[in-house]
Structure formats: C-alpha cells, structure tokens
Amino acid sequence: MLEIKNLHASIDDTKILKGLSLKVNAGEVHAIMGPNGSGKSTLASVIAGREDYDVTDGEINFLGDELSELGPDERAREGIFLAFQYPVEIPGVSTTNFMKTAVNQIRESKGKKPLDAVAFLKLMKEKMKLVNIKQELLSRSINEGFSGGEKKRNEIFQMAMLDPKLSILDETDSGLDIDALKIVSNGVNALRNKENATVVVTHYQRLLDYIVPDYVHVLIDGKIVKSGDKNLALELEEKGYDWIKVKN
Amino acid sequence: MIDTINLKKILSEEKDSKVREMKSSAYEGMASSLLNYKEEYKYTPLLRKIEKKFNSLSPEKSLNKKIKDYKGLIPQSEKFYLFILNGNYQESLSNKPDNILVSKYSKLSIKQKEEFSKSYSKYDDSKSDFFSSANTINHDDCLIIRIERNKALKENIAIINLIDSSQPTYFRKCIIVEKNSEISFSEEFINSTNNISFSNTVSEIFLDENSKLNYYSVQNMNKNYHFNSINVLQKSNSTSNFHTYSFTGEIIRNNLNIKLEDKNCYANMYGFYAVKKNSLIDNHTSVDHMDENSISNEHYKGIIDEGSNGVFNGKIFVRQKAQKTNAFQSNNNILLSDNAKVNTKPQLEIWADDVKCSHGCTVGQLDEEALFYLMSRGISKKDSISLLLSAFSSEITEKIEDEKIKEKYENMILTELEGLNHG
C-alpha cells in the first residue's frame, strides 16, 4: 500500500530525513519509535503533504501512485489520514460543518453523490459512539476550548468519518490520561480491517499495549536503524534508545 | 474645488431662511475644514480623485429616466422601504409604516420645523469634515424620520439608495427616536450607472431616553466614491447598534461619530469589509463618553485582497465627568496579497480615572497551520480558504439580531469571498 524509498526531507535547509525506507501492506499496523528529534513527526507530515518540508530525494508511493506532486487535500482523497499531534483550533468553523464539507468533497472526487443531511447525521451518530464524543462538542468550533483528550478523540472521530486506507497517528498518546488512551485506542482498533493500514508514531511503548503493532521500526537521526516485531518495543522500553545507538 | 460651488444659486433656490443660514455658514467654514483634511484623510485621497473625475462638487438634478421607471429596482423582499434616488426621497416609490413620520423637511409644518431644528445640522461633523460640509451646502431637502414615544416597531425599514447620475449626489437625513421607542433600519446603496459616481450621505440620529436603534448598512457599489457620515447623539439609557458591511468599490469612507451625552448609554459598532482590485475602505469612528456609566463596544474586521487598502481609525474620548466608563475597541485584518495594505490606528483620550478601556488591532495573514489541517481532510485549498475567511467574518455577523438580515449579509459575504483571488 505504502512504499517509501530512500526518502530525504528537509525544512529550512536542515536535513531531517536522511534515506528512510518503509513498506506498509494492507491489514498491517506499523509502529515508528524513536527519541526526540529523530524525525518521527516529520515523516508523518511529509506523507500527509505538509508544504513546509522539501523532499530532496527518494519517493513515496501510495497504491502505486507517486505522491510528491499531490497536495494534502488530494492525498486525503486518495485515502491518507493524519491524526495530528497538536490538533489545530479553528474558531468559527464547527466540526460538523467541517466534516460535512470534507466527506462530501471526498465523495465527489470519487464520483459519488454528496450525502444529504439525514444520511450525514446517521453516519455521524454511528461514528460518534466509537470514540464516545458528544454532539454538543461537534457543534462547537473545531477543537476550540477542547481538553487534550477531547482533541485526540475528535481526531479519531474524523478518521472514522473519512474511512481512510492509511492512517498515520502522530503521537496520539501525548497528553492523554489512561482512560482517554483506552477510548482512543479502542476507536482505532475498531476501525482496523484487512483493507486498511495504520502507522503509529510514538515515543513510548505504552500506547502499543493498546494498539498492538505487527512491526516496530526504530527511527534514529532520520533513518530506520532497526525493525522487528512488538517485542522490539518492549526491549526498547527496558534498555532505552542508547542501546541501539551504541550498537550502531 | 470649493470654487465650483455656486453658493448664490444654491441660496436663491432655498426657500427656508434657517436652511439658507445653515448652508452659508457651512460654506464659510469649508476652507477651515480643509485644514483637518490632511490628517483625517491621510491614507484616503478622496478629494484628489473627485477633482480628477468631476468638474464640480454640485449635483446635477435632471434624471436619466422618469421616476416611475425606477420602480423595477425596488427589492421585492422588503415590507417597508424608503426609496432614495440620487439623494432625494421618492414618496411615490416608498412604503412606510403608518405610525412613523417620514417627510421632506420642506413639507413639514412650521411647528414641526421648529421641533426638528434642534437636530438638523446640529451635531454633524460638517465643521471638521470637508465632505460633510459639502453635503450641508449641496443637499436638497433633508429627509426627516421620527418615531413617536413609546413605540416599538417590529419590522425593519429598508432605506434603498439608488445612484443614477454621473454627477455628485447628496443625501441628507435626520432620524429622531423618541423616548422608550425602538426601531431598526437597513440601508443599502446601489450604483446603477456604469460610470464612476460619487455619493455623499450625511445622517444625524437622535436617540432620546431609553430608546433603541439597530442600524444595518451595506455598501456594495462598483465604481463609486462613497462618503458616508453618521452622527449620533444618545440620551440616557439609550442603545445603538451599528453594523456596517463594505465590499469592493472605488473608495468608501465612513465616519461614524457617537456622542454618549448622558448616563447609562450603550453603543455597539460592528463592521466587516472584504475588498479586492484596487479598492480603498476607510472606517473612521469616534465615541465620546460625556457622562458616567456608559458602555461602548467596537469590533471591525476586514479582508484585504490584491492591491486594495484598508484604513481604520477609532477614537475614544472619555471626559472627566464620565467615570465608570467601559470602552472596548478592536480591529483585525487579514491580508491576502503582498500588495494589500492596512493602516489601523486606535486613538484614546481619557480624562477620567475610574474607567475600563481596551483597544487592539491586528494585521495578519491566513493561518497556514489551520489551512493545512482543513486540507489534510480532503477539502480543496480554495474551499479551505473560504471556510477560514467566513469563520473570520462570523464573529461580526453573529452580532446581527435580525435573522433575515443576517442570512442576507452572510450570503453577500460568501459571494464576495468566492470572488477573491488571494493575491
């Protein structure tokens, strides 16, 4: 589904990704772990198409298409979803209105008719249950005055609404207490199926107790230096990142 | 430009001695009002443009069509409307509510004239503003609107200004809201010529004790130089709500001057503007807190695209007597192009010591982080920008009490935002 080859990316002439390769197939969950500043969030942003980053070398193929020429909106329509580490507050736009516009623009790009008000409301109600989010919250301006947990739940709610093929969760566990972490993880697990894939970007092993990965990759200084199964995450938790740095 | 005014002719055509007196004293004061011009119109070259385009400051009174042929231009959606053609009230094309007085000054009885002389040209800014003095001299027959005491008019009254002249036009009105009364106006300006036109409007509004006024206005005139001065005098416990919406034109200059003469007055001023091409929108406002315990609240927001300019100047005066004043002011701008420009200036003069005043202005660009967030959910760049800009405007439109007007203005904003080129 996703194939990244030798990816180099920089921001303001600072090189961050230095030859990263990664292959994700449908039905898989991959965890990207790494210390601060290793390039984890950059990887998530570059896949989603954030324009601040320059891809200087390498390629990102998604479902057979090269992504580099596509804007973030076009990537979303292809089926890529980024759950933000710091979801943005947008005063004056309600989440409901936002999602209605997004769902219908994605449908339109696939030649489908837009959902009418009734069908949209039904879809929303169904997805709201998944992350236990209230209608009242969704009628308010996007993320404005939301708690940390509410913001992350809203991200997973949006993910559920858009039904992406590839979801990238950028530090979704940051700022969550244990109850919120469970709700968010349950939401993510409920959305997993054989057709879609998930990339979880995280500092800590903790999240991986709830969202169990098939593969764990360790990202250090812009490259994946080690890959393994979920036991690698446990080993990291025990020994710290220095263990790998030393070995390399 | 002053020499293009034929005062002798104007005075010979004016039958009312008091109005004649008013006009000649405005003429005498015109040169001195030019002294203020340099400062007050620092970023708005209205006079220079008018000198270039028009031979004279005086209006041309002949009409392009017969009056009844203008009937088709009246919007069907309004129940009550006052139709103003080139600055002159057209009674035959208007539909006013029965219980208010709407009349040209010349048609009033002597007693009524006496009553209105307290307001007519008594607190306008023609001593300090060149264009207001030009209005005092050149306007033909002031329109008087009066709401008697203890009346609350539920229905809004539309004031439709149609400009169909290639010469300057002048509109003058006095609105008197008596004690315990309430009324709402929505004013709009339509330019039906394809040429550059110049419309000059001065209003004096008197709000007596415990009265309330809602005043909505929308300025959406291609190729028009528009000067609009609204001057308000408020008595105790009165409330005024002004909502001013301006879209692409040539030059729009608004003066909104509010005097809170007594205790416990409340004044709200909300404004929104969205302009493109090479338009210039200039809002000059002033609030004068003259007595205790009054509140003024001002919020203007604007979007400036292409080579357009925005000007905001907000004056707040708090006199020594005006203790316990609350005065708030804010102006926020978004620039969409490298060539767009805003000059914004809060100006506070506070003589009392027990007051709460705040002011702030911002000039910024679209929030790139928010734009990325919206686009990352599959919404096109153009639509994401429109969403962000209409969200920006919603803080102003949500203050509109009248749902029908709110919907109308929101739609006008959407149309305008869709037409922006972002650069």
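The values are calculated or read from the model by the stated rules, or taken from the named source; none is laboratory data. Just so you know, these numbers come straight off a predicted model, no measurement behind them. Cβ sites come from the backbone with ideal geometry, for glycine too, and all protein chains shown count toward neighbours.
Conditions tested, residue by residue: (1) out of contact with any helix residue (DSSP H, G or I) (no Cβ under 7 Å at 6 or more places or on another chain); (2) at pLDDT 95 or above; (3) among the hydroxyl-bearing types (Ser, Thr, Tyr).
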| site | (1), (2), (3) |
| --- | --- |
| B:Asn237 | yes, yes, no |
| B:Asn241 | yes, yes, no |
| B:Ser246 | yes, yes, yes |
| B:Glu250 | yes, no, no |
| B:Glu261 | yes, yes, no |
| B:Ala267 | yes, yes, no |
| B:Tyr270 | no, yes, yes |
| B:Lys276 | yes, no, no |
| B:Asp282 | yes, yes, no |
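Which of the numbered conditions does B:Asn95 fail, given that it passes all the others? Conditions: (1) in contact (Cβ under 8 Å) with a residue 12 or more places away in the chain; (2) closer than 19 Å to B:Lys223 by Cβ; (3) surrounded by fewer than 17 Cβ atoms within 10 Å (Cβ to Cβ). Answer for B:Asn95: the failing condition is (2).
What's the total number of residues in region B:173-202 that are over 20 Å from the mean Cα position of the chain (by Cα) and either within 20 Å of B:Asn95 (Cβ to Cβ) or of a type in the set (S, T, N, Q) (or both)? Of the residues in that region, 5 qualify. Can you name the residue in region B:345-380 that is surrounded by fewer than 16 Cβ atoms within 10 Å (Cβ to Cβ) and in a helix (DSSP H, G or I) and is also nearest to the other protein chains (Cβ to nearest Cβ) among such residues? So the residue we want is B:Glu369. Of the residues making up region B:262-290, those that are part of a strand (DSSP E or B) and among the aliphatic types (A, V, I, L, M) are B:Ala267, B:Met269, B:Ala274, B:Val275, B:Leu280, B:Ile281, B:Val287.
Counting only residues that are without any contact (Cβ under 8 Å) to a residue 12 or more places away in the chain and closer than 20 Å to B:Ser376 by Cβ, how many does region A:115-131 have?
So the first thing to find is which residues in region A:115-131 are without any contact (Cβ under 8 Å) to a residue 12 or more places away in the chain, and the list is A:116-119, A:121-122, A:125-126, A:129.
In the following step, the residues that additionally are closer than 20 Å to B:Ser376 by Cβ were identified as none.
Summing the residues that are without any contact (Cβ under 8 Å) to a residue 12 or more places away in the chain and closer than 20 Å to B:Ser376 by Cβ in region A:115-131 gives 0.
Is it the case that region A:95-111 has a residue that's in contact (Cβ under 8 Å) with a residue 24 or more places away in the chain, assigned to a strand (DSSP E or B), touching a Phe, Trp or Tyr at 6+ places or on another chain (Cβ under 8 Å) and within 13 Å of chain B (Cβ to nearest Cβ)? Scanning region A:95-111 turns up no residue that is in contact (Cβ under 8 Å) with a residue 24 or more places away in the chain, assigned to a strand (DSSP E or B), touching a Phe, Trp or Tyr at 6+ places or on another chain (Cβ under 8 Å) and within 13 Å of chain B (Cβ to nearest Cβ). In this structure, A:Pro87 does not satisfy being within 8 Å of chain B (Cβ to nearest Cβ) and part of a strand (DSSP E or B).
If we keep just the residues of region A:48-77 that are assigned to a loop (DSSP other than H, G, I, E, B) and buried (at least 17 other Cβ atoms within 10 Å of the Cβ), which is farthest from the other protein chains (Cβ to nearest Cβ)?
Going residue by residue through region A:48-77, those that are assigned to a loop (DSSP other than H, G, I, E, B) are A:49-53, A:63-64, A:67-71.
Then drop every residue that is not buried (at least 17 other Cβ atoms within 10 Å of the Cβ), which leaves A:49-50, A:53, A:67, A:70.
Values: A:Gly49: 7, A:Arg50: 6, A:Tyr53: 11, A:Leu67: 13, A:Leu70: 11 Å.
Going through the qualifying residues, I end up with A:Leu67.
Looking only at residues in region A:167-185 that are small (Gly, Ala, Ser) and crowded, with 19+ Cβ neighbours inside 10 Å, the one that is farthest from A:Leu63 (Cα to Cα) is A:Ala180. Residues in region B:263-277 that are surrounded by fewer than 20 Cβ atoms within 10 Å (Cβ to Cβ) and over 27 Å from B:Tyr43 (Cα atoms): B:Lys263, B:Asn264, B:Tyr266.
Listed by first and then second residue, the pairs linking a residue in region B:44-56 that is within 13 Å of B:Phe227 (Cα to Cα) to a residue that is surrounded by 16 or more Cβ atoms within 10 Å (Cβ to Cβ) and among the basic types (Lys, Arg), with Cβ atoms under 7 Å apart and 6 or more places separating them unless they lie on different chains, are B:Thr44/B:Arg253; B:Leu46/B:Arg253.
The test for being under 30 Å from B:Lys79 (Cα atoms), within 14 Å of chain A (Cβ to nearest Cβ), in contact with a Leu (Cβ under 7 Å, 6 or more places away or on another chain) and in contact (Cβ under 8 Å) with a residue 12 or more places away in the chain holds for B:Leu417. When each of A:Gly71, A:Gly79 is tested for being within 14 Å of the chain's Cα centre (by Cα) and in contact (Cβ under 8 Å) with a residue 12 or more places away in the chain, the lone residue that passes is A:Gly79.
Quick grid of which residues meet (1) under 27 Å from A:Gly79 (Cβ atoms); (2) within 14 Å of chain B (Cβ to nearest Cβ):
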residue	(1), (2)
A:Ile142	yes, yes
A:Asn154	yes, yes
A:Ser174	yes, no
A:Asn193	yes, no
A:Asp229	yes, no
A:Lys239	no, no
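Within the bounds of region B:322-341, is there any residue that is part of a strand (DSSP E or B), among the charged types (D, E, K, R) and under 24 Å from B:Ala391 (Cα atoms)? Walk me through how you get there before you give the answer.
Our first condition is that a residue be part of a strand (DSSP E or B); within region B:322-341, this holds for B:326-335, B:341.
Remaining after also requiring among the charged types (D, E, K, R): B:341.
Filter once more, keeping what is under 24 Å from B:Ala391 (Cα atoms): B:341.
Yes, the conditions are met somewhere in region B:322-341.
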